[in-house]
Every structure is written in structure tokens, then in C-alpha cells.
Amino acid sequence: QTARCQPPEVAAKIDPTNRYLWRFNPHRLDAEQVRDALLAASGELNLQEGGPGGEGTSTRRSIYTKKKRNKPTEILQSLDAPAGFASSAERQSTTTPTQALLLLNGDWPLARARKLAERVSNIDEAWIYALGRLPSRSERQTAEGFLNKHSGQTRRTKGIGADLNAQPNEFRENSPQERVLVHPRKKEGDEFTVEATFSLDSIDVNAAVRTVVSRWNLGKDSVESFGWSLGVTGVKSRYIAQTLIVQLVGEDENANIGYEVVPSKVRIELGHRYHVAVTISCYKHQVTFRIQDLTTPDAPLETVTVPHAIRSKIGEGSSGLVIGGVAKRAAPHHWDGRIEGVRLLHGDFGDANWKQPLRDWGSDLVHWSPATKDPRFVWDGANIETVEAGDSFRKAMNDLCQVLLNTNEFFYLH
């Protein structure tokens, strides 16, 4: 019988230590089971059978993770998984402060909580995915109180046009109009087109990239860092200053995490207006740039197609969509200039779309301009550190999901 229920008073008196096995003894999940349970709760667990192994930060089942002598998977090592390089007659089971610290503060467990929060729309769904049951009345009341309290107290972002001294289409670092946080109804996937009209006033004095639009947190070595960005290189970039580039983080042909820069080799002149459409395709393994200088009279449309090695999952990271910057606040990577419009479309980009004037833009994914009045688009200023901090309800739901994934009920079989 389950140990989750309150034991009968008679049974507890006769056999309090459960010597006669009248109930199930609670048992903590093994390290591999904990890792897989976290991925299952967040909806990311890859159930593929066989094939090449994956990194410890991938979404493959733990039985398929690679064993690296000099770089063991952090969560498996912390929860007493055998190293795998020698026979082990008995598996240890320890309880240490470092385990609790890792599960509460580690990047990988926190990313699983964020993914779970993205997956759910209410408290009941959070309980079902994390614990396999509905919350009790008292649990629901506590959770509702937590969400209401933190949603009301943590909202610090400013609305559209928050900086009264700035033009509606101006993006300036260390100002209330650094970037726009976007909450689209659906993600773009692995084949899409991003289109923008912009002008750039300065580039970074080092190698940072001025970002037009992105779904990326600047990470390069974990599943939560999967994403992409479109931007212009800085002074010390290895890809020549003022070059329009795309950066991709996803899975390569061997299902390993890969990072790649895809340069257009087209120079973006400061102060010039540009119309740009970039089609990113993981299926065709290429990026197609369409770039036209709107300031120079009779400037031709430049089209450049560049191959890349990223094969999938660039849209499956934990970062939100951001216009004028990246998910993690990093001032050198923010746009410095004007962005008149941005739209995202599924699939390739046809000539008919290219010829559409800005006022007629539409999109099946995202369409933003300075005149947009939509709660899905929020200006974010210098006082916010992450995309989650700009969305108080999402941040509160992230925290609630993190709590659920750290409960005894999640870690123990009862």
C-alpha cells in the first residue's frame, strides 16, 4: 500500500517500523530517474531508442548520456550516480547540502522549471505534470495566493513609449527603451523568416553583436541555450566589423549541442536605413539573407545564401523572443538605433512578401511596429535583468514550478 496515506492508528502501534511490510517504504529516486523525471515533467524527455549518446545537458534519457571522465554530468554526479568507468557492487545514497543547493540554484534544474512553467496555463496543470495529481484545496489556495502576491509585486517594466524623451522606434542601451519583450502565441520552429526595417547608429567597441531580434540567452553549451539571433558585428569581431550575421545554437547531425555563426559578408553602414529578410532553415541547412539599403538611391537587393551545420531544435531553448537585444540583459548586445518594424513568418520568404510596404505587413507568428498596441509586446528597460523579470506572472509561475520540482513527493516513491 502507498505510504502517502495516513497510516491506520492500530497498524502504526503494532508495527511502527514497518517490519511486516504492511505499507510501502518511501524510496528516493536514483540519480538517472531524477534527471528523467525532471525532463518528463517539463515535457522535454526524448524517448528515442538507440542511436548515438547525448550530452548530460541534452534531453535524451539518462541511459543514453555520455560518460566523461573529466566532465561528469553535474546532476547525476551530485545524486550519487556511479561514474561508470569501473564495476560498482553497491550504489550509495547520500543526502547532502550540495544536492539541495544544486536543485534549487543550478542552471539545468532551473531551466526545467522554466520549461514546465511555459507548458502549463494554470495551477492544476502544474500539479498534474509535476506530481501526477490535482492539488488539494489548501494547496490550491496557497498556490493562488503565491501567484497573486508575486504577480502584483514584481512587475516593474514600463509600457510602450515609456521614455518620454525617446522616439517610439528608438532603442538605446541603459535606457527604459532597451528592448521589446515578445510573448508570441507559438514558436517559430526550425524553418522561418525574420524581416526587419532598421537603422544602426553605433557598433560595439569590442566583439559584441548589436542584436536586431533574437531568441537566445548568449549561452552555447546547454539545451536551455538553444536559440538564434540576428545582429551586426562589433569592432573586434573575427567576422569583420559591421557585418550582418545570424548566430545559431541547436543540435548538429550527431545530436550534439552546436554553436555556429553564419555571416552574410554584407556590410551595414551606420545611419543608413535597411530592409532585411533572413530565412533560417535547419531542414535545408542554410541561411538566406536578403538585404537592401533604403538610404542609397537605386541600391540593389543583395541576396546571399550561406550553409550551416545546425540540424534542429534552435527554437526549443528556454529564452523568450526579444526585439533589440537578447534574453539575458547584456547592454553591449542591445540595439543602438531605430527599428521600424519586425515580423516573423513560418517557412521561406517569397518575392510578394518582400514587396509589401511596412504598413501592410502581417504575420502568422509575430508582427511588431512602434504603433503596436498589444500586451504581448512590452518595452523593457535597464532596470530589468532577464526576460522573466519583465513578466511578473511568468516569473511567479517559474518559482512555483521550481518549488514543485523540489518537493519530497517528486523525489520519492511513496
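The values are calculated or read from the model by the stated rules, or taken from the named source; none is laboratory data. Because the structure is predicted, anything quoted here is derived from the model rather than measured. Note that each Cβ is placed from the backbone with ideal geometry, even for glycine, and that neighbours are counted across all protein chains shown.
Tabulated values for the structure
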read-out	value
Residue check for Arg114: within 27 Å of Gly227 (Cβ to Cβ) and touching a Gly at 6+ places or on another chain (Cβ under 8 Å)	no
Selected residue (criterion: farthest from the chain's Cα centre (by Cα)) from residues of the stretch 219-239 that are assigned to a strand (DSSP E or B) and over 16 Å from Glu269 (Cβ atoms)	Leu230
Hits in the stretch 43-69 - residues which are aliphatic (A, V, I, L, M) and more than 18 Å from Asp107 (Cα to Cα)	Leu47, Ile63
Pairs where the first residue, in the stretch 330-350, is over 29 Å from Tyr283 (Cα atoms) and the second is in a helix (DSSP H, G or I) and among the aliphatic types (A, V, I, L, M), C-beta under 7 Å, 6+ apart	Glu340/Leu358
Thr243 buried (at least 19 other Cβ atoms within 10 Å of the Cβ) and touching a Pro at 6+ places or on another chain (Cβ under 7 Å)	yes
Given (1) closer than 27 Å to Ser319 by Cβ; (2) at pLDDT below 85, index of the condition Ala143 fails	(2)
Search result, residues across the stretch 61-76 that are surrounded by 15 or more Cβ atoms within 10 Å (Cβ to Cβ) and not charged (D, E, K, R)	Ser62, Tyr64, Thr65, Pro72, Thr73, Ile75, Leu76
Lone unmet requirement of (1) assigned to a loop (DSSP other than H, G, I, E, B); (2) modelled with pLDDT of 85 or more for Ser121	(2)
Subset of the stretch 27-54 that is assigned to a loop (DSSP other than H, G, I, E, B) and crowded, with 18+ Cβ neighbours inside 10 Å - its residue that is modelled with the highest pLDDT	Ser42
Single residue of the stretch 282-296 satisfying the filter (in a strand (DSSP E or B) and of a type in the set (D, E, K, R)) that is farthest from Lys313 (Cα to Cα)	Asp293
Criterion: more than 19 Å from Thr57 (Cβ to Cβ), touching a residue at least 24 places away in the same chain (Cβ under 8 Å) and among the hydrophobic types (A, V, I, L, M, F, W, C) - qualifying residue of Val212, Val249, Val223, Val261	Val212
Test: residue in the stretch 202-218 that is closer than 21 Å to Ala111 by Cα, of a type in the set (Asp, Glu) and modelled with pLDDT of 85 or more	no
Residue match in the stretch 251-268 (condition: surrounded by 17 or more Cβ atoms within 10 Å (Cβ to Cβ), among the basic types (Lys, Arg) and more than 18 Å from Leu218 (Cα to Cα))	no
